[in-house]
Amino acid sequence: MPRFFRHVLMRLRRDRLDDELRDEMALHVELRAAELVERGMSPDEARAAALRRFGNTTLLREESRTMWGFGAVETWVQDARYALRTMGRTRALTGVVVVSLAIGIGANAAIFSVANGVVFRKLPVPSPDELVLLSWVSSTKTLPGGLWGSLRSSDAGGYQSTSFTYSAYEAFRQRTDLFTDLVAFKGLFGRANVIVDGDAELASAQVVSGNYYRGLGVAPALGRVISNDDDRPDSDAVAVLSYGYWQRRFGGRAGVVGTTIDVNGVPATVIGVAPRGFTGTLDAGRAPEITMALAQLPRILPDAGRLTAHNRWWVDMLGRLAPGVTRAQVDSALAPVFAGVVRELPKGEPDTMRLLARSGARGLTTARTEVADRLAIMAMVAGLVLLIACTNVANLLMSRATARRREMAVRAAIGAGRGRLVRQLLTESVMLAGLGAVGGVALARWLAGALLAAMDLDQAGAARLDWPVLGFTVALSVTCGLVFGLLPALRGTRSNVTGSLKDGTPGSMGGRARSRLAAGLMVTQMALAVLLSVGAGLLLRTVANLGRVQVGFDPANLLVFDIDPTHTGYEGDRLRDLYSRLLDHLRALPGVLSASLSDLGLIAGSVSITEVTVPGFEGTIDLGFGPPSRQPAAFVQTVDPSFFETVRLPLRLGRVLSPADAAGTPLVVVINEAMARAYFPGRNPIGERFKVGTGSDAAEVTIVGVAADMPFDSLRRVVPPGFFQSYLQQQDLSGVTIEVRTATPPLDLAPAVRAAVREIEPRLPIDGMRTETQQIAESCREERVYATLATALGVVGVLLAAIGIYGLLAYQVAQRTQELGLRMALGATRGAVARLVLAQSLRLAAAGAVLGLLASLASTRVLAGILFGLMATDPATIAGAIGLLLAVALAAGCLPARRAARVDPLVALRTE
Amino acid sequence: MGRVKRSARTELLPGTLDMLILKSLTRGVMHGYGIAQHIQQMSDEVLQVEEGSLYPALQRMQLQGWIESEWGHSANNRRARFYRLTRAGRKQLGLAESGFERVLGAIVRVMRPQSEP
């Protein structure tokens, strides 16, 4: 019979085998004793001698059992079972450990999963490493005039971008010696109005060159993809749907191929569906739902201008390297070609641009880089929390190891080797960490969603709990388990058997050494908790400061939504007429007090800035936005005359805009107080004139009123000089926000408002129906999410520190019972003894506070960018955090102090 | 008493316990106590098996397939487990014996070089 089967057989009969072995051994001892009695010993003596000769029965049986089973696995299962029993006995401790680890591990796993989904993940195409992303880098701060795309500062003191002119694409594409395919694509952030069966909805879209799918190596899930034949100016419009969009909007029906949909008024035939998981090559989290051919761009976005112009920078490119070609070769081979493109530029355009081929394995990366920077900060914070959690768990386990010294001694006495005991304790810690990891994964799912939302990234495709993430979590928790478990395990088992068994005194364990180590861990933990509290405090106060910003108008009972009729074919007079009919219709709704429109949302993150020429004004005004302009400038908001009444923006001087200020009448504006102060200091600006725009396009306007200051795009900016003009006197507004002042809770009216819009124009999609209060909250969403995260982590950190300090003091009081008893016998009062313990607690806390203060001063700078209304070294916040920690340390010390004060000198001394 | 006796005992060479057990079992079926007694008596009380360690060894050898066991009744009618040599066990004993003799010969040659012819 093969050995393996004998093993299995024995494993199955294990319990019986164990009984048999016991019987067999008992018989042996009996026979030996009988023999010794025959030789003249007393029965008791004989039995003792027989047992002695036999040896350690338990150990021998254990040895045999190991043999029957599958060695390591067997003992592991046994260890695990034992660990579970121990956890069951110490539920409170286990709960604290598991929850703190779950938070630490969860936060780290969430950040990793976002990083993995957004930053690290390569495009799901064959050989992504063969792809190069073309970009340019300039060394001067001159912007290309016709840029429509991404832009970042470069290390060389200029800009960098992946947007090229169409002529550059045509020139690069000739170099088939470098690329097997060079594909071009453009994401349409302005979204597309897609009408399916008469139902209008906004979708995100992109246009791509005919070789896009072939070059990337992406095959359709259904139908076919765009080919070169679809990418000619005279081709019929065709569309490829993303898998997610196909599922969501078309219910995953195969019959969708061949049907016609309407994209911004262009009828397009659906020819196929992209494979699941392929979310395009655009930047982090931007997954286009509809893809059309590049040649259709002038039809779907008529206002995009002349795209083939030499100074129009817009198209993004990915190339698949020909076999054996390197990125450096691409750089040098394309440099003269690109120089030719740059030479063609009109005068005044940047001329220091240089071509740089980057890795294209991840598609566009501008936003990815920013996300990576922020994730790095968050990873540091989450790492801190995990460190605190581990430190604390180590401390808790160490205290418990002390309490379990007798148990360990007993086990050592009956034959357990030290390795075996260490392994047992490590199994326990790894299991604790494992439970923490389970909680952490659950938490990570939720946290990752919150993070993505906070960073304004699409959920699609990013941050899934896939194998890399789970692997990371498992590795993290096992490492934690080993790290925080090893020290207590090694120390806990280094005990002198007889010493520990005799009484409860520390044996050779070295109470002092243990205390020093524990105190060191404790101080570190307090310092980390101070650091976390400072961070949380700064962010909380930032949110509070943002909440206190005076918005100038009344955001309560204001319903807002966005529409863009230009994508439904409206322009000129028809557009203005549509707006006015829509507003009239809304005003007639029951419950609506008034309605207006503006070209930009209120505190919605977008701005419109125009250069102005004010007679008698010299110099420039810093708008606190973008690079300083050479010309005086102001923010501008184009509105319906009823805007001031609708949002309740108080008028300070003069009059508001009127419907009578229509096309053909003199241009009038209402300026804000900031503009009055900046450009017309010390005089009444009513009736003054200034020019809007520069050169021959400049139009002269007359000031008819001064309104109160209200923030334009963000609560963070000091209200800049700005003015309001009437849309009746302006060019086409493509896309507006409608504001509706309601008498009742605004969202109650949302269905009626939707119906009203449908009655006026059924093909017009409504975007982002919300209240202005929600809009304002949304504008500080990032701050609030960070504050919430930091507060949660800070609370955990402080709680852990409290638990840690309590555990340490309680341990020390137990250790020092006799000393305390002696002190009291010699005349120390109970108060003095309690103070002794509290002083110890405060000493640790103070040391931690000093360290934490230094760490805060050194590191909260990383938060500077997100803070509002206070500095990163805000003294009040830091003092508050330190005060909080000292109070917590004092509170945590109270219970052990009381226990110390209640030590009965008689009892304490008698045990000596 | 145990201490004095222990000092007179000769420790077994590592690995020889299996061989001694196998050799004992060539005389027939035996229970554990019998094997211990046999080794002790045959070596004139010089070799004293640490009695407990016999049992893990017996388990291991069963796993190897060198011996088999079954439950029966001892001379004084107690339930006991009896061990029997298998064919594989005999083969193993042969291997162990020849190896042992080689080692023993070598040790003797090292210890008593003058007795060489």
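The values are calculated or read from the model by the stated rules, or taken from the named source; none is laboratory data. This is a predicted model, so every value here is computed, not measured. All Cβ positions, glycine included, derive from the backbone under ideal geometry; neighbour counts span all protein chains shown. Surface accessibility is based on the protein's heavy atoms, side chains included, excluding ligands, DNA and RNA. Shrake-Rupley method; radii C 1.70, N 1.55, O 1.52, S 1.80 Å.
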If you go through the range A:735-754 one residue at a time, do you hit one that is at pLDDT 90 or above, more than 41 Å from the chain's Cα centre (by Cα) and of a type in the set (S, T, N, Q)?
-> no
Here the qualifying pairs (Cβ atoms under 8 Å; residues six or more apart or on different chains; first in the range A:440-464 and under 21 Å from A:G95 (Cβ atoms); second modelled with pLDDT of 80 or more and surrounded by fewer than 19 Cβ atoms within 10 Å (Cβ to Cβ)) come out as A:V441/A:L470
Members of the range B:63-95 found to be in a helix (DSSP H, G or I), open to solvent by 30 Å² or more (accessible area, probe 1.4 Å) and more than 8 Å from every other protein chain (Cβ to nearest Cβ), listed by number | B:R87, B:A88, B:R90, B:K91, B:Q92, B:G94, B:L95
Return yes or no: is A:A595 closer than 22 Å to A:A660 by Cβ and either open to solvent by less than 20 Å² (accessible area, probe 1.4 Å) or not polar (S, T, N, Q) (or both)?
-> yes
Could you please find all residues in the range A:880-893 being surrounded by fewer than 19 Cβ atoms within 10 Å (Cβ to Cβ) and within 21 Å of A:V381 (Cβ to Cβ)?
-> A:G880, A:L884
Look through A:T391, A:T369 and report the one residue that is within 30 Å of A:F278 (Cα to Cα) and assigned to a helix (DSSP H, G or I).
-> A:T369
Right, A:T788: out of contact with any Asp or Glu (no Cβ under 8 Å at 6 or more places or on another chain), among the hydroxyl-bearing types (S, T, Y) and closer than 17 Å to A:L558 by Cα or not?
-> no
Could you say which residue among A:G601, A:G654, A:G664 is of a type outside the set (V, I, T) and free of Cβ contacts under 8 Å to residues at least 40 places away in the same chain?
-> A:G664
Residues being in contact (Cβ under 8 Å) with a residue 60 or more places away in the chain and open to solvent by 50 Å² or more (accessible area, probe 1.4 Å): count how many of those fall in the range A:324-335.
-> 2
If you check B:V108 against the conditions, is it farther than 24 Å from A:T57 by Cβ, more than 10 Å from every other protein chain (Cβ to nearest Cβ), open to solvent by 60 Å² or more (accessible area, probe 1.4 Å) and free of Cβ contacts under 8 Å to residues at least 12 places away in the same chain?
-> yes
Filter the range B:16-62 down to the residues that are modelled with pLDDT of 85 or more, surrounded by fewer than 17 Cβ atoms within 10 Å (Cβ to Cβ) and touching a helix residue (DSSP H, G or I) at 6+ places or on another chain (Cβ under 8 Å), then identify the one that is farthest from the other protein chains (Cβ to nearest Cβ).
-> B:T26
Could you please find all residues in the range A:25-48 being surrounded by 18 or more Cβ atoms within 10 Å (Cβ to Cβ) and within 9 Å of another protein chain (Cβ to nearest Cβ)?
-> A:M25, A:L27, A:H28, A:V29, A:L31, A:R32
Selected residue (criterion: farthest from the chain's Cα centre (by Cα)) from residues of the range A:819-834 that are in contact (Cβ under 8 Å) with a residue 12 or more places away in the chain and surrounded by fewer than 17 Cβ atoms within 10 Å (Cβ to Cβ) | A:A825
For the range A:290-298, indicate whether the set of residues that are open to solvent by 40 Å² or more (accessible area, probe 1.4 Å) and touching a residue at least 24 places away in the same chain (Cβ under 8 Å) is non-empty.
-> no
Quick one: count up the residues across the range A:640-671 that are closer than 19 Å to A:D554 by Cβ, of a type in the set (A, V, I, L, M, F, W, C) and surrounded by 22 or more Cβ atoms within 10 Å (Cβ to Cβ).
-> 6
Could you run through the range A:512-547 and say how many residues are of a type in the set (K, R), touching a residue at least 12 places away in the same chain (Cβ under 8 Å) and open to solvent by 40 Å² or more (accessible area, probe 1.4 Å)?
-> 1
What's the number of the condition A:R248 fails, among (1) crowded, with 18+ Cβ neighbours inside 10 Å; (2) in a helix (DSSP H, G or I)?
-> (1)
Do we have any residue at all in the range A:617-624 that's crowded, with 19+ Cβ neighbours inside 10 Å, modelled with pLDDT under 90 and in a loop (DSSP other than H, G, I, E, B)?
-> yes
For the range A:86-139, which residues satisfy the criterion of being under 30 Å from A:G363 (Cα atoms) and open to solvent by 50 Å² or more (accessible area, probe 1.4 Å)?
-> A:F120, A:R121, A:K122, A:P124, A:P126, A:S127, A:D129, A:E130, A:S139
